[in-house]
1. Filter segment 180-189 for residues that are part of a loop (DSSP other than H, G, I, E, B) and in contact with a strand residue (DSSP E or B) (Cβ under 9 Å, 6 or more places away or on another chain); which is farthest from residue 312 (Cα to Cα)?
2. In segment 307-320, how many are in a loop (DSSP other than H, G, I, E, B) and either of a type outside the set (D, E, K, R) or buried (at least 16 other Cβ atoms within 10 Å of the Cβ) (or both)?
3. Just a yes or no: is a residue in segment 161-179 in contact (Cβ under 8 Å) with a residue 24 or more places away in the chain and either part of a loop (DSSP other than H, G, I, E, B) or loosely packed, with under 13 Cβ neighbours inside 10 Å (or both)?
4. What pairs come out if I take residues in segment 111-129 that are under 18 Å from residue 214 (Cα atoms) and pair them with residues that are surrounded by 15 or more Cβ atoms within 10 Å (Cβ to Cβ) and β-branched (Val, Ile, Thr) whose C-beta lies under 7 Å away, six or more apart or interchain?
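We did not get these values from a lab; they are worked out from the coordinates using the rules stated. Note that the structure is a prediction, hence the values are computed from the model and not measured. When we count neighbours, we look across all protein chains shown, and the Cβ atoms used for this are built from the backbone with ideal geometry, even at glycine.
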Amino acid sequence: MMTAGNQPLFDHLDGDEPEADLAGCDPEQLADHLLLDSLLREVHAPDAAATRDRVARAMARIHGRHPSRMNRLRLIQTHRFLAVAAALLVCTGVLWFLFGVTSPTAYAALNRALVSAKVAADRFYQVVVERSLPGPARIEASLYVNGGRKFTVEVKDMPAGTLWAGGNEEHVWLVPAFPPFPVFVSDDPRLMNAWLERQDVQLPFLQITTVLENMQRSYDISFPEAPEAPEAPEAPEAPEAKELPEDLVSVVGKRRTDDPLLPAQIRMLARADSGTVQELLLEWDNSGRRPTPRSMKFTLAGEEPRPPDWYDHAAHHDAGRRIHRF
């Protein structure tokens, strides 16, 4: 049998002997000696109950005194994994703020505005388009929206009167200002721009949700930078900068694509609590071959409910007018 000093090895694991003789033993060597000692006892003095008891005491003492190398390796690997994960998180955060353009908080404000714009509620916006083409330099219109599917636009001061256009879940439509012309109706929303161009009306966007969705897809979103105060030490009283009210949030989107038909920059002003868009300012750089406006501005003017048929053409022309379906 294996011995430690003058005693059998297992006797040192019974709990009554001092532990000094085994304190410096390597766990793997100790396990090997215990296994060999157990085999010798089985050969020379077999006792099944005593063997089970000795094995149980030995395992308890080994694990209690010397953690296994496997446990130490697992502990080291866990610590290394956590350290690497923490380092990656820190690096990602640093890179985001150093090189990332889109601000997570500004993007959240934009997303809140889009969710609010899709709510089925009537809203009325005054629209002003500054043109860069021959013809009327300025177009003014009234835009009524309800969610992301219904809209009606009214363009006054046309040579022959008032033009109406709109759309709903079923179709788009246009009522020309000249009464002899028929009403245009189609289930293809792409025809709307062509209809408006024939009427010499330049309205690239007819839905608040369309503008906001474009900002999500094709623009870098951030909060506007605070303007630097002009240096005027000799001025007696410099006017104070106009601060944004606390209940409003302003977001700026700068185009990151090469599509010249999209505005180069979009500024959004929305309520901080509900996300309702108060103002949108779209500005083009006119870098493409196709003509685009210089700017287009939406300003919230009311939220009064509209009649149920307000977003259908029948509410905006005489009953006997001809209908041309495409």
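1. 181
2. Residues flagged as in a loop (DSSP other than H, G, I, E, B) and either of a type outside the set (D, E, K, R) or buried (at least 16 other Cβ atoms within 10 Å of the Cβ) (or both) within segment 307-320 amount to 8.
3. Yes: one or more hits.
4. 113/277; 114/209; 116/276; 117/208; 117/209; 117/277; 118/209
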